[in-house]
Amino acid sequence: MSGRLKPGVRSYKNIDNAGNELIVLTVDHIVEWQGEPAMQITIIDLSSQIETQRQLKASEERYRELIDGSIQGIVVHRDLTPLFCNRAYAQMHGFENEQA
């Protein structure tokens, strides 16, 4: 309300009384309330979405480790267009590495 920061959208990371991390998105703007300017803040708890993203990333990393560490040649494709392969597959087909 002092005008130092413009109202807008921000995210904050907090710790609740039980020690759990809480991540929120705030949307604030100035409104008129009872004839006076007032700050209205909407708070959206993003904690479950952030946790889901963290779990998905961990799962993808485990999957990638399994694929990359396999001695079996593995290729993933869509309509016979390769999306990625592991080193074993690349070497079986005479390539130096997976990117080739």
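The values are calculated or read from the model by the stated rules, or taken from the named source; none is laboratory data. Computed from a prediction, not measured in an experiment: that's the story for all the values here. Cβ atoms come from the backbone with ideal geometry, glycine included; neighbour counts cover every protein chain shown.
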Inset, instruction - Please go through region 28-87 and pick out each residue that is acidic (Asp, Glu), surrounded by fewer than 10 Cβ atoms within 10 Å (Cβ to Cβ) and within 28 Å of Pro7 (Cα to Cα). - result: Glu32, Glu36
Legend entry - Enumeration of residues in region 42-92 that are within 30 Å of His29 (Cβ to Cβ), touching a residue at least 12 places away in the same chain (Cβ under 8 Å) and not polar (S, T, N, Q): Ile43, Ile44, Asp45, Leu46, Ile50
Inset, instruction - Restricting attention to region 28-81, report how many residues are among the hydroxyl-bearing types (Ser, Thr, Tyr) and in a helix (DSSP H, G or I). - result: 5
Inset, instruction - For region 86-100, indicate whether the set of residues that are touching a strand residue (DSSP E or B) at 6+ places or on another chain (Cβ under 7 Å) and modelled with pLDDT under 90 is non-empty. - result: yes
